[in-house]
1. Against the conditions (1) farther than 30 Å from residue 217 by Cβ; (2) modelled with pLDDT of 95 or more, where does residue 42 fall short? Just the number, please.
2. Are any of the residues in segment 36-54 crowded, with 24+ Cβ neighbours inside 10 Å, touching a Phe, Trp or Tyr at 6+ places or on another chain (Cβ under 6 Å) and among the small types (Gly, Ala, Ser)?
3. Among residues belonging to segment 45-79 that are polar (S, T, N, Q) and out of contact with any Gly (no Cβ under 9 Å at 6 or more places or on another chain), point out the one that is modelled with the lowest pLDDT.
4. Out of segment 1-22, which residues are in contact (Cβ under 8 Å) with a residue 12 or more places away in the chain, closer than 20 Å to residue 198 by Cβ and surrounded by fewer than 16 Cβ atoms within 10 Å (Cβ to Cβ)?
5. For segment 185-205, enumerate the residues that are part of a helix (DSSP H, G or I) and open to solvent by 40 Å² or more (accessible area, probe 1.4 Å).
6. State which residue is least open to solvent (accessible area, probe 1.4 Å) when the search covers only segment 217-232 and only residues that are of a type in the set (S, T, N, Q) and either touching a strand residue (DSSP E or B) at 6+ places or on another chain (Cβ under 6 Å) or not in a helix (DSSP H, G or I) (or both).
7. Of the residues that make up segment 143-152, is at least one out of contact with any helix residue (DSSP H, G or I) (no Cβ under 8 Å at 6 or more places or on another chain), of a type outside the set (Lys, Arg), on the phi > 0 side of the Ramachandran plot and at pLDDT below 95?
8. Starting from segment 191-218, take each residue that is on the phi < 0 side of the Ramachandran plot and list its partners that are assigned to a helix (DSSP H, G or I) and open to solvent by 10 Å² or more (accessible area, probe 1.4 Å), counting only C-beta distances under 6 angstrom and pairs at least six apart or across chains.
Amino acid sequence: MNLTPIETVSRSDKGLVREVNEDSVAAMPDFSLVVLADGMGGYNSGEIASQVAVETIAAYLMPVLGSVEEAEAPLVDAVGAANKSIFAAIDEDTRYEGMATTVVLGVFGERKLHYAHVGDSRLYRLRDGRLDRLTRDHSMIQELVDQGMFESMEEAHEAGVRNNVLTRGLGVDQQLEVDTADIQIKTGDLFLFCSDGLSNMVNDHVMEEILSASDQSIESKTDQLLAMALENGGLDNVSLVLVQPQIG
């Protein structure tokens, strides 16, 4: 598989409330690969789980990306390997019992982005000034909206449904379901990978405004998003990667 060159800027901050940053990020332009994981709140050693996930997925994918025709199977296998690594770490040290993490990752192939995710870390695309979320959260609140119990996430929030109850995660079950997809990349596209520490603190409309600014570099946009999450409370760890594919 031929790869599309990418420019990336990443940031990760523990926020203003948490004592430890449980997020892990790997942005690897040389491999056109991005991996972001968020150690799940309320679980033991979330920072270990997210680090194991990112390191395992990167180590699995880097040697094979140039030799595969399609990326879906390698992405699923890489996430599965990370899940097994987390359970192996738990077996070796009981202090890690219960640790878990989300993950979202993407490989920028030839004019196509292949991506996978588990949990509520997200992937967005900005195209022609419009921001679209490409992933769907694996969370209780999202399921209730999908089932029609609430018309929107905002309505569910107002009813007291919490964001942080997840229905999938690495380290939760030995059998893991991974969502995958791919989309065409167009000139001018900008992609955002982020943990819920950003998406819960900055709404999609504000993110769209920041990302659409034509007079700002992607580094400046990344810094503005992080600053906005902190200004709005910084209640969780905040991690994000902005990716600009280099298409002629």
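The values are calculated or read from the model by the stated rules, or taken from the named source; none is laboratory data. On a predicted model such as this, the values are computed, not experimentally measured, just so you know. Here the Cβ positions follow ideal geometry from the backbone for every residue, glycine too, while neighbour counts run over all protein chains shown. Side chains included, ligands, DNA and RNA excluded: accessible areas come from the protein's heavy atoms. Shrake-Rupley method; radii C 1.70, N 1.55, O 1.52, S 1.80 Å.
1. Among (1) farther than 30 Å from residue 217 by Cβ; (2) modelled with pLDDT of 95 or more, residue 42 violates only (2).
2. Scanning segment 36-54, I find at least one residue that is crowded, with 24+ Cβ neighbours inside 10 Å, touching a Phe, Trp or Tyr at 6+ places or on another chain (Cβ under 6 Å) and among the small types (Gly, Ala, Ser), so the answer is yes.
3. So in segment 45-79, the residues polar (S, T, N, Q) come out as 45, 50-51, 56, 67.
Remaining after also requiring out of contact with any Gly (no Cβ under 9 Å at 6 or more places or on another chain): 56, 67.
Numbers: 56: 98, 67: 77.
The residue in question is 67.
4. Of the residues in segment 1-22, the ones in contact (Cβ under 8 Å) with a residue 12 or more places away in the chain are 1-18, 20-22.
Filter once more, so that each one left must be closer than 20 Å to residue 198 by Cβ: 6-18, 20-22.
Matches in segment 1-22: 7, 16, 17, 20.
5. So in segment 185-205, the residues part of a helix (DSSP H, G or I) come out as 196-199, 204-205.
Matches in segment 185-205: 204, 205.
6. We begin by selecting, within segment 217-232, every residue of a type in the set (S, T, N, Q); these are 217, 220, 222, 224, 232.
Subset that is either touching a strand residue (DSSP E or B) at 6+ places or on another chain (Cβ under 6 Å) or not in a helix (DSSP H, G or I) (or both): 217, 222, 232.
Numbers: 217: 65, 222: 0, 232: 81 Å².
Among those that are of a type in the set (S, T, N, Q) and either touching a strand residue (DSSP E or B) at 6+ places or on another chain (Cβ under 6 Å) or not in a helix (DSSP H, G or I) (or both), it is 222.
7. Yes, the conditions are met somewhere in segment 143-152.
8. The qualifying pairs are 202/228; 210/221; 210/224; 211/221.
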